[in-house]
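Remarks on the structure that follows.
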Amino acid sequence: MRILFFTAGAAGMYCGSCLRDNALAAELKAQGHDVILIPLYTPTLTDEPNVSEPRVFFGGISVYLQQHSSIFRKTPWLLDRVWDSKLAIRAATRYSLSTDPKLLGELTVSMLRGEDGLQAKEFQKLSHWVKGLPTPDVLSLPTSLLIGLARPLAEALGRPIVCTFSGEDLFLDGLEPVHRERAEALIRENARFVDAFIGVSDYGARSMAERLGMSMEKVHVVPLGIRVEGFEPRRDNEGSGRPFTVGYFARIAPEKGLHHLVAAYRHLRERSAGRPARLEVAGYLGPEHRGYFGGVEAKLEAWGLSSEFRYHGTLDRAGKGDFLRTLDVLSVPSPYREPKGIYLLEAMACGVPVVQPRHGAFPEVIEKTSGGVLVDSLEPDVVAEGILSLWNDPARRAELARNAAAGVRAHFTAAHMADRAARVFSAVAAATTGTTGATGARRA
């Protein structure tokens, strides 16, 4: 099967959606499919071999310039290649990349308007380029925030479009109300040019379908999967005398809940009868959240716990595996109802049990793997009790660790993800064989 696969880069930040798209494209290639992975906005950053094309479409600099100046909406395509180059984009995003929805509302709406928006030239460039490729069986969009691409691509190639729900609800909720309402209306309007949607979890599929007033008939679930190589389970080191280690591995941001874990850790230390413990944290810290992180550190200092805390920064794949294997338990008590949670799969693959709130995709992941504990509240004492229950019961903790490592390998590998995605792509392509997309009538 020939698949034209798009992915949205996040410049210098490890992005869960980028990691998912790259892993899926790589596994589909390994299974014999002809896959072209095209980055949009910026080059993608992955912690595995990057299988994306070298050229970036909708370069972040061009998109920004065209949003704010009519001059750049008319410059020759050849000239645009100067600031669309990887070198230029990386230089522009070297120190920071703003993903604050409050600053990106107008741009989001413009992109969702497709060829009627301010970036019309970029849509024309992409349509021109894809016409020179071998005709794909199916095209895959990485997020409904890019659903403005559906109509131009369908008209250029006449092939079916699949679009992934990848956690864009968090971004949409951060938009100013006027931009959020317009963005959601445009997503619903463009949905008629999409033949199928994919959710990365049961929760993610249902919640976005409900949000957009969409029938589940067009929505499929392709659970996340990871390559487990490099995430071998930790060795049992009970009795080594080292401190009990609580870990957090996710982006440092309020919606991921580090402040909840820090408050829970304080309660944990009050109940642990002086036994040694550590709080180890890693993950991307954007400039917009440095103040938030500083507040977290200040609380630990005020509580006399700063000597038990360490922030490891952003980690590559090898560093990630090494970090996770030092943990006794991982907890990312996110107040956001997370539809993904790759960090859970990576931790559990390393044999680390998890303690998570009972919402979003967390219940389905933990129930399928039997590799962790669900708590019913983000209250510090409740999260602390969940962690303490594992600290006080080494046998149960060891059992959950074994379940976690085995459960990820049984249900959440990249191969499982690719098998399921290929079935969806194949069914969509077969349903539109001999037509011009889902079809001619709907797109006409």
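Read-outs throughout are calculated quantities, based only on the coordinates presented, and are distinct from any laboratory measurement. Predicted model, so just to flag it, every value in this text is computed and none were measured. Ideal geometry is used to build each Cβ from the backbone, glycine not excepted, and the neighbour counts take in all protein chains shown.
Some notes on this structure:
- Each residue of segment 313-326 was assigned a 3J(HN,Hα) from its phi angle through the Karplus expression (A = 6.51, B = -1.76, C = 1.60, θ = phi - 60°), giving x, 7, 10, 7, 4, 5, x, 5, x, 4, 5, 4, 6, 8 Hz with x at Gly and Pro.
- Highest average first, the peptides 117-130, 150-163, 287-300 ordered by how many other beta carbon atoms sit within 10 Å of their residues are 150-163, 117-130, 287-300.
- Per-residue ellipticity at 222 nm from helix content only, as computed over the chain with -39500 (n - 2.57) for each DSSP H run of at least four residues, stands at -14000 deg cm²/dmol.
- Given charges at beta-carbon only (K, R positive; D, E negative), |dipole| of segment 218-345 in Debye: 220
- Of all lysines in the structure, the ones whose alpha carbon falls short of 21 Å from that of Lys256, not counting any fewer than 8 places away in one chain, are Lys102, Lys299, Lys320, Lys340.
- Angle of helix 380-391 to the longest C-alpha principal axis of the chain, folded into 0 to 90 degrees and rounded to 10: 70°.
- Remark on Val375: its backbone amide H falls under 5 Å from those of Gln356, Arg358, a criterion applied only to residues 5 or more positions apart or on other chains, H modelled at 1.01 Å from N.
- For Phe244, nonlocal amide neighbours, meaning residues 5 or more places apart or on other chains whose placed amide H falls under 5 Å from its own, are Ala277, Arg278.
- Residue-wise HN-Hα coupling along segment 251-263, computed from phi with Karplus coefficients 6.51, -1.76, 1.60 (Hz; x: Gly, Pro): 4, 7, 7, x, 5, 8, x, 4, 4, 5, 5, 4, 5
- Which of His312, Pro254, Ala8, positive extreme of dipole for the chain (C-beta unit charges): Ala8
- Mean separation of Cα pairs under 8 Å and 6 or more residues apart, divided by the residue count, gives segment 324-444 a relative contact order of 23 percent.
- With an a/c value of 1.5 or above and a/b not larger than b/c for the gyration tensor axes a ≥ b ≥ c computed over the alpha-carbon atoms, segment 289-384 is described as oblate.
- Annotation: lysines with alpha-carbon distance below 20 angstrom to Lys131 (same-chain offsets under eight excluded): Lys121.
- Sequence-separation-based contact order of the chain, relative, with Cα cut under 8 Å and 6+ spacing, percent: 15
- Long-range HN-HN contacts of Thr7 with modeled amide H, under 5 Å: Ile38, Leu40
- Here the Karplus curve 6.51 cos²θ - 1.76 cosθ + 1.60, taken at θ = phi - 60°, turns the phi angles of segment 129-135 into couplings of 5, 5, 5, x, 8, x, 4 Hz, with x standing for Gly and Pro.
- For the chain, a simple Cβ point-charge model (Lys and Arg +1, Asp and Glu -1, everything else neutral) yields a dipole of about 780 debye relative to the Cα centre.
- Cysteines in the chain lacking a second Cys C-beta under 4.7 Å: Cys163, Cys350
- Highest mean first, the peptides 213-226, 397-410 sorted by other C-beta atoms within 10 Å per residue fall in the order 397-410, 213-226.
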